[in-house]
Structure formats: structure tokens, C-alpha cells
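The next block holds one structure in the form of C-alpha cells; read it before the comments.
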Amino acid sequence: MEFIDVQNLAKSFGGLRAVDGISLQVKQGELVSIIGPNGAGKSTLFNLMTGYIRPDTGAVYFQGKEITHLPVYKMASLGISRSFQLLNVFSELTVFENIRMGIQAHLGHGYQFFTRLDGLKEIRDRVPAIIERVGLEGKETARAKDLSYGDNKILDMAIALTADPTVLLLDEPTSGLALKETGRMIDLIRKLSEKLTILLVEHDMNVVFSVSQRIVVMSQGRIIAEGKPEEIRRNETVQEAYLGGEWKC
Amino acid sequence: MFSHFLNHLFNGVVLGLLFTVIALGFSLVLGVMGVVNFAHGVLFAVGAYFAFSLASVMGFWWALIISPILVGLIGMLLEWSLIKRIYNLNPLFGLLLTFSIAMGIEGLIKLIWGPQGYSIPAPPFASGFINLGFMVYSKYRFVQGLLALVLIAGLWLFLEKTTYGAVIKAGTISSEMVMALGKNLPRLRTLVFGIGSFLAGIAGVLTAPMWGIRPGIGAEAMMPALVVVVVGGMGSFYGSVLAGQVIGIITGLTVMFYPRLSDLMMYVVMLVVFLARPRGLMGTKSILEE
Amino acid sequence: MNGLRKVLSLIVHPLTVTLALFAAFPLVLPLIGGHISLAIEVLIMSIFALAFNLLLGYTGLTSFGHAAYLGLGAYGFALCEIHLTDRIWFAPLLSGILLTGIIAFLVGYVISRKRGVYYSLLTLAIGQLIYFIAFRWNEVTGGETGLTGLVRPRIEIPGILSLDLSNAFTFYYFVLVLFALSALILWRIIHSPFGAVLQIIKQNEVRARYLGYNTFWYKCISFTISGLFSGLAGALYAMFTYCAFADYLYWINSGDVVMMTLIGGGLSSFFGPLAGSAFFLIARNLISSFTQHWMIFMGIIFVICILIFPEGFLGVLKKTRLFRFRGSGG
């Protein structure tokens, strides 16, 4: 049984086949990168896998159990977390509060109506660990909207970690980042991949080739190639799909 | 019995056509500018009131033409001075702004014409009954229906067959497209609001002999506009026509069988359609979505 | 010393200050030509506005048919008094609250899958539906004439209290007690883990779901709580006016409460709705005492408010950092 098993997932929007029969298996602990030109369906794949969109056909299995039609809010309890391509944090809250909301969900304290939020010690005490894990020390009281773009991307990741996931789906974590910040993100991803299974959608080939154990190439909703990084680098179909492309070696 | 049924059915059809006219102006503004124009109803009322004042001076036909033009001009003035300031904000503000404007204008109506109601008779050529062969029908409603149909067809022709109409249609899809076409977006928006107001005004004139003229008719007219747009689907001309008919006929028939429920049928329809098919019967795209 | 500090912080707590202001209100109002009945109306509408803002300012959901819940509270009160009893003094009030709460829950269950403008239009349709039912169901609701001739039950707590509420001042302070309770409960809810979830739903519902929150239920419960307190306000309004009219539910009144809440600064402040309802009602009262054309002036005032400070009165104050309230609203 595979850790993550995607079978023949397909979704059309109007006449457009965004995802056209994708099958993918991921082993526990692997770091698999998904690359492909814009519009290849990568984000849609993540949306389908996490219940944000319903697939037209196909199924998704996690640790042997079918999760295809589960709603988004069930993902966290399964241990599946996701980060987002476009900024998706709680911009009015501080770094501390952002992370706290995730931990609160994880510990199941959502339905407490009359306790003082500040009073919940067990939630409060878990925040520093996450902040340390991602490297946002010193920024706890900063509001997300006042943070730099790079810090926000890291915060996004931090929030995803609050569910204590076993699987991380990272959607273009380095997009829009400057060189130094990209390095920081790569280090973080490497560190996380020691314990977690990671699916990584990326455009930056430096990142892809430096962290991936396996690369999957998508184009127009289909997988056109799959394999170890060296194989992919040499693959002609892939080079064609990226005509004039984004090889930044 | 059957002609009784036909009578109510036709009433429903005519009502539906009138609802469509009310809704089209509202829908245009919503589509092109994304503004939920709560002043649409009060502009409808202004149209009726202008007709009332003008008809005694220049007769029904002239009132029918001049009144909506005046309302259209007022609409353009409102857009240019006030409404354009809130386009990029949270849609809630456009709503509240137009709501406040409606409040102010309703106050003006009471100031100018007084708080009491008026009735305006159907014009002489359109009063009485018309013999349609298989039944005898109210001549005024027949004329109403005909005029509404002409208006709807006219608007359709304008949108489909003229270049400016094409630009407006493009505007309902995206403002970027309009700018890409090299057209002046602010001016387009002012014009669209003017057209929307014109349609509200002419709907007011058409319905005045039937529904009476009171300051409160503006608030009442808001509802059919909203309901038709939601049921028909945003951005859909045919949707507004279809929805108007669906709601009109259902309301008309409810008057026959269970008159007490006739007021609320449109909301029941709206709920049912909305829950089953959020985009509306013929909705193409939805600004409403998130 | 710590005990003293705690007492001091309670005294300057914004809720305490607000209650003190409202306690003094009926004494101050005559100075600007207002009658105590205006004060009562402001207080009751403040409860309604607070309830409304739980949805708008904190959960990010705009209900355009909220007057329906005010009206349901009034009818619940009236129907209980007429058909059941006015001897148990709290029964009609409780009926108003419960009737509204139950219907609000049912409505919330239906609409909470949606959000944004979709949500708002659904609430509008349902609000109008309830209005027309009230308007047409003559046998139950009295139709156009409504239910009149209600009384204010005499409060009897054996051994402690026997209060006649027909005196306006007594009634005002009775309402104030209920207002205080409502404000306190709503404040606690907003500052609880549950309230925090509402606020992130407002900011980013998708992300909240990815965190693991079933936002449907949060929105539904929020709507229900809002309904319960709106029902309380409605019941009090029936007590105040001695009647229940379908007109209470008309959609224009729904627009009014949106206006009050926003103009006061409800989007960024717990107390915004209070400022807004006071402003709205006092302005309307004052202007209409000068001229019958008050609608024109109100319209102009609101247009100016919306265009010049869309964040509302208290929102502006917050921005200028004139008042730093410890933990007031998110």
C-alpha cells in the first residue's frame, strides 16, 4: 500500500480539462516535486487532493483509506497540510496568533465559548516550538500584513505545520522570494523532509533539483515524465514542454 | 373558468415583462460596475412621479419619453458625483452608498410631491378592454406588455447589434477588456448607469397607472429587480427575461388560486432556484461568487 | 496591590465605561432635546446592533434581512403574552428569544454553506419571506394591523423584587440590565476560542477550513447567537411599543441596522454598533423634530459618512489611536 495513492484523477472546467487522468504514488518520507508550465494543472491537483474541488473521476487514497470526497476541513485531522501559492495567511493577526489558530484547531478547542482565549495555556505553550522550527523568532508580535513577503511565505508554512502533519503539500513556496530568502526556504524544506512526506510544486529549478528525490512533470493536465532528477534533466520530452523554458542550472 | 385562468396567466406574463424591464437596468449596473444599486428602486419611483407631473402637461406619450430621459440624466449625475468613488472598495460600501442616496431621494420625493399617494389614470387610448378573439383583456395591461416587450427587444438590439452595446457587453465580462478596446471606462460607466436609470424610470412610468404612485414604491420595486437577477443569473440577458416570466407567471397564477401567498412567491422561487442552482437559471459567470 | 490593580482595570474596562455612559444617558439626553423614549429605543437597538455585528464585524457575514429577527422577537413576545400567559413575567421575553433563536438556527443551517454576496442575498430573500408571512398571516400575526394592546409584565421575584415597568425610567434601567448581560455575553464569546475562529473565517475562510475548522457550523452557530440576541431586542421592542407590527420586519429596517453598524465602526470595533445606533436614532429624532424632510438630511449625512470615513466613527478613532482599548475586538 502506498502512502499517498492518486488514481486517475480528472477535472474539467467548462471545456477545459485542467487535470486529465493523473495517477501518482508517493512513498512515506519521500520528497516529490511536481513541475510543469503554467496552466499544467499543478495547483488544481492539490485542490483536488485536498477536497477543495471535487474531481469528475478518479480517487485519492491516503494510507490505504479513500479520501477523495472528504471536505477540506477534514484534511488537518488526517495529517495532511498545505501551503499556498498566493498568500493565504490571516493578515490581521500577529504571527503568534496565526500559529495559535492552527494549534487551537489541532487540539480541538474551537467550540469553547466562554473561556478567555488568552487563558488557554496549552495552546499558548505550543506556539514557540513552531516559531522556532521555521525560524520566525523575534517576529511573534508582528502583524502578518506588516511582514515582508518572504516572512509571510514562511508563516504560511508555519501555519501548515500546526496540524502536526505527516504530509505537506507545498504550492510554490519560493515564488516571489529573493535569492537569500529562497535559500532559507530550501533549508527549511530540507529540514522538514527529514520527518515529513512532501509534495512540492515549484517553478524554480534550483530548488527542485536541490531537494527532490523524485520529479514528476506535468503538462496540460497530464503527467508527461517521472523519475529521478538526473533522468528528468536529460529527458527530451520534458525539454520540449519547456521550450525556451525555465532551466536555471 | 378557462378565460379566468387565461386572464391571470396573461397578467402574469405582463407582470413578468415588467419585472424584466425593472431588473435589466439593475443587472446592467451590477454587471458592468459590480455595484448593487439600491437606488434603482427610488429611480423607478422618480420615473413614476415625473410621469405624473408631466402627463398632465404634455400627455402620456411625451411623459413616457421625457420622464425616463430625465431619470437617466439624474442617474448619470449620481454616478459621476458620488458612485464612482466607491468602485474599488468593499462592495458593501456601494450598497450602503446607494441605500443612503435612495433615502435622500425618497425624502426629496416627499418634499416635492408630498407624502401622500397619487393615482394616474391609464391614458385614454389604452383604457378599457381589448378583444383578443379568444378572450377579452385589459387594454392597459396589453399595452404595458407590448411596450415592455418593445423595450426589452430594443435593449437587446442595442447590446447585440451596436458597437457601443458590444463594448457594454464586454464591460460585463471585464473592465480590463474595455480598456484594452481603447474605450473610456469612466465614461462607459456613467453611460451604463444612465441607461440603468433610464430603464428604472421607464418601468416606473409604465407601472404607475396600475400600481399607483407613492413614495414607498421605490423600496417595493427594488425587490423584483434583485430577485429576477438572482433567479435569472447574473450577466445573462435571457436569464432576466426568463426569470421575469417565471416569477411573473407564478405570481399571477398564485393570485388566482391562493392570493394571500402571491406577494411572497417570488422569494420562494428565489430561494429554491438559489439553493438548487446558485448561478441562476441561465447564469454565465458570477461576480457574486466569493 | 494586585487586587487593587484588578479592580482598577475593571473600572476602566470599556464595557464598564459604556454601561456608565448608558446609565447616565437618560439624564443627559433631555439636554439635547431628547425624550427618554428615545433613550430606550437607542438602548434596544444597541442590543440589536451588537447582535448584528457578531455576524458582520466578526464573522464577516452581511445579513440583509436581519430585521426579520427583530420582528420575530416582537411577535414571539406578543404571541406568548396573548395566547399563553403574562403572569410569568419572563415567559413572553423568553418566547421572543427562543422563537427567533430556533428560526435563526434553521435559516443558518440553510445558508451557512455560502458566503459573500450570495449569503447576503439569501438572507434578504428569507427576510422578505418572513416579512410577508407576518404581513399576510392575519389569523396569527394580525396581518397589517399587527398585534396591539400588549402589556409590560410586572417583574415578580418572590421575596426580592416587585417591579412595575410602566414607568419609562424603570423600564429603561430594566433594559439596561439586559443590555449589560447581552454585551457581557457577546464580549466573552468574541474573546473566546470560538470567537477567534469567527474572526479568521472573516479574514480567510478557506485557510480556516484547511486548519481543520468546519466553518459551516461556526457560521451557523454565529447566526443563531445573533438571532437569539436580535430576538431579545425585538421582544424588548414589543414591550417598549406595546405592539408588534409586520413593518418591524421590512427590509428597509434591515438596511438601517447595516448602516448603523457600519457608520459607527462595527467592522473594527466592538462598540462601533453602539455609537452607530445612538448616532442614527438621535440624528433621526433631532432632525425630524425640525423638519418632516428628515430623510433628505439623513441621506446626505450618510452619503458623506460613507464617502469620507468608510471605516466608521470608532474606526477612525482607533486609527488616530485616541483610545487604546485593551483587547477590544479583533
Pick from B:67, B:100, B:240: which residue has the top mean-square fluctuation in a GNM of chain B where Cα pairs under 10 Å get a spring?
-> B:100
Would you list the P(r) distribution for region C:196-330, with all Cα-Cα distances sorted into 10 Å bins from 0 and each bin expressed as a whole %?
-> 11, 30, 35, 20, 4, 0
Quick one: net charge around residue B:49, please, counting Lys, Arg +1 and Asp, Glu -1 for every other residue with C-beta under 13 Å from its C-beta.
-> +1
In terms of modelled amide H atoms, which long-range or inter-chain residues lie less than 5 Å from the amide H of residue A:220?
-> A:40
For region B:219-226, Karplus couplings with θ = phi - 60° (6.51, -1.76, 1.60), whole Hz, Gly/Pro x = 4, 5, 6, 4, 5, x, 4, 4
What FRET efficiency, computed as 1/(1 + (r/R0)^6) with R0 = 60 Å and r the Cβ-Cβ distance, is obtained for residue C:109 and residue B:164, rounded to the nearest 0.05?
-> 0.80
Let me know the shape class of region B:1-108, please: from the alpha-carbon gyration tensor, a ≥ b ≥ c as square roots of the eigenvalues, rounded when a/c is under 1.5, otherwise prolate if a/b is greater than b/c, or oblate.
-> oblate
If all Cα-Cα distances of region C:54-125 are sorted into 10 Å bins from 0 onward, what percent lands in each bin, rounded to whole numbers?
-> 20, 43, 24, 12, 1
Check: C-alpha center region C:254-303 vs C-alpha center region C:133-185, spacing in Å is 24 Å
What residue among A:220, C:72, C:53 has its Cα farthest toward the positive end of the dipole of the protein assembly as shown, where the charges are +1 on Lys, Arg and -1 on Asp, Glu, each on the Cβ?
-> C:53
Any chance you could get the radius of gyration and Dmax over the Cα atoms of region C:1-57, in Å?
-> 15.1, 45
Proportion of all alpha-carbon pairs of region C:127-259 beyond 26 Å (%) = 44 percent
Reported to two decimal places, what Rg/Rh ratio describes region B:212-260 when computed on Cα atoms with Rh from the Kirkwood expression?
-> 1.05
Taking chain C, the equivalent ellipsoid from its C-alpha gyration tensor has semi-axes in Å, biggest first, of 28, 25, 22
Just the ratio, please: alpha-carbon radius of gyration of chain B over 2.2 N^0.38 Å, N its number of residues.
-> 0.98
How large, in Å, is region A:1-102 by the Kirkwood hydrodynamic radius built from its alpha-carbon pairs?
-> 15.0 Å
Only helices counted: for chain B, with every DSSP H run of 4 or more residues adding -39500 (n - 2.57) and the sum spread over all residues, [θ] at 222 nm is -25500 deg cm²/dmol
Within a Gaussian network of chain A (alpha carbon springs, distance under 10 Å), most fluctuating of A:20, A:118, A:146 | A:118
Work out how far the C-alpha atoms of region C:177-239 reach from end to end along every principal axis, then list the three figures in whole Å, largest first.
-> 45, 19, 14
One would report the Cα pair-distance distribution of the protein assembly as shown, bin width 20 Å, in %, as 13, 40, 34, 12, 1
Once amide H atoms are placed 1.01 Å from N in the peptide plane, what residues at a sequence separation of 5 or more from residue A:19, or on another chain, have their amide H within under 5 Å of its amide H?
-> A:11
Cα-based helix-to-principal-axis angle, B:185-211 vs chain B, degrees rounded to 10 = 10 degrees
Is region A:104-244 rounded, prolate or oblate when judged by the Cα gyration tensor, a ≥ b ≥ c being the square roots of its eigenvalues, rounded requiring a/c under 1.5 and prolate requiring a/b larger than b/c?
-> prolate
Arrange B:178, C:110, B:272 by Cβ neighbour counts within 10 Å, fewest through most, would you?
-> B:272, C:110, B:178
Cβ-based charge dipole, chain A, positive-most Cα from A:34, A:158, A:8 | A:158
Which value, in debye to the nearest 20, describes the size of the charge dipole of the protein assembly as shown about its Cα centre when Lys and Arg Cβ atoms bear +1, Asp and Glu Cβ atoms bear -1, and nothing else is charged?
-> 540 debye
Using a Gaussian network model of chain C whose springs link C-alpha atoms within less than 10 Å, name the residue from C:275, C:68, C:196 with the highest mean-square fluctuation.
-> C:196
Euclidean distance between Cα centres, region B:188-243 to region C:111-127, Å = 21 Å
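Each reported figure results from applying straightforward, stated rules to the coordinates on display, with no laboratory input. Quick caveat: nothing in here was measured; it's all calculated off a predicted structure. For neighbour counting, all protein chains shown are included, and Cβ atoms are generated from backbone atoms with ideal geometry for every residue, glycine included.
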